[in-house]
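*Asks:* One structure is given below, represented as structure tokens, and several questions about it will come after.
No lab work stands behind these numbers, since they all come straight from the coordinates. Keep in mind it's a predicted model, so treat the numbers as computed, not measured. All Cβ positions, even for glycine, are placed from backbone atoms using ideal geometry, and neighbour counts span all protein chains on display.
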Amino acid sequence: MELDSDQIARLREELTAVTRMAFTRGLSSGISGNTSARVPGNPGVVLIKATGKCFGEVNPEDFVPVDLAGNPLSDSGKPSKEVKFHCGIYRERPEVGAVFHGHSAYTTAYVVAKGDLPLVTAAARGLIGEVEVVDFAPAGSDALAAMVVAAFKGSTCKCCVLKTHGFVAAAADIAKAFYLGDVLEDNAKVASIMASYK
């Protein structure tokens, strides 16, 4: 498959900028989390963060092209272990252009403690609308991928929270997916503060 090198280069730069910004916002830590986006003009090709790369240190070459089955299309690196659910969302939701999996503290903690995450801020209600909760399954497993994809399949769901394992946001592009994750985490902070007053 021939890929447009200019399109790939531009998308790699965008993914790098947004992924680093997500790190500064505390939406991931260590080498956890992953971001991906469809290649414009070639919706069957996705760039996804390579495994073992820190959000705060990613470079453009750290995003690996894969097909919608998750197969690498170059020898530029090994894709994230969560490539299965990224590609599954793209297969089920053709309007989705980017997926962001973060490991933010408040969102994760609230769902572990309470079992769900209410949308308590106006921004979250307006931007996110609903949040699905996905039960625990090991990272990178077929079981986790199946549950995440099921949360997004046949719905307008934009965000889900994985028990003990952060969140997944899906949007038209990587900037919009980042905004969803950022608003979700802010909402969880507010929900946590509200809970402390009860």
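*Asks:* Residue by residue through the range 155-175, note down the ones that are in contact with an Asp or Glu (Cβ under 6 Å, 6 or more places away or on another chain) and part of a strand (DSSP E or B).
*Replies:* Cys160
*Asks:* Here are some residues: Val46, Val66, Val39. Which one is of a type outside the set (Gly, Ala, Ser), surrounded by 16 or more Cβ atoms within 10 Å (Cβ to Cβ) and without any contact (Cβ under 8 Å) to a residue 24 or more places away in the chain?
*Replies:* Only one candidate passes the filter, namely Val66.
*Asks:* Here's another thing I want to ask about it. I need the full set of residues from the range 143-198 which are among the polar types (S, T, N, Q) and over 25 Å from Arg25 (Cα atoms), in order please.
*Replies:* Ser155, Thr156
*Asks:* Only one residue in Ala195, Ala143 is without any contact (Cβ under 8 Å) to a residue 12 or more places away in the chain, assigned to a helix (DSSP H, G or I) and of a type in the set (A, V, I, L, M, F, W, C), so which one is that?
*Replies:* Only one candidate passes the filter, namely Ala143.
*Asks:* Related question: List every residue pair whose Cβ atoms lie under 9 Å apart, where the two residues are 6 or more positions apart in sequence or sit on different chains, the first residue falls within the range 49-62 and is crowded, with 16+ Cβ neighbours inside 10 Å, and the second residue, located anywhere, is outside any loop (DSSP other than H, G, I, E, B) and of a type in the set (Asp, Glu).
*Replies:* Lys49/Asp62; Ala50/Glu61; Ala50/Asp62; Lys53/Asp62; Pro60/Glu13
*Asks:* Return only the number of the condition from (1) under 17 Å from the mean Cα position of the chain (by Cα); (2) over 19 Å from Cys160 (Cβ atoms); (3) surrounded by fewer than 20 Cβ atoms within 10 Å (Cβ to Cβ); (4) not acidic (Asp, Glu) that Ala137 does not satisfy.
*Replies:* (2)
*Asks:* Also: Part of a helix (DSSP H, G or I) and either in contact with a His (Cβ under 6 Å, 6 or more places away or on another chain) or surrounded by 14 or more Cβ atoms within 10 Å (Cβ to Cβ) (or both): is that true of Ala150 in this structure?
*Replies:* Yes.
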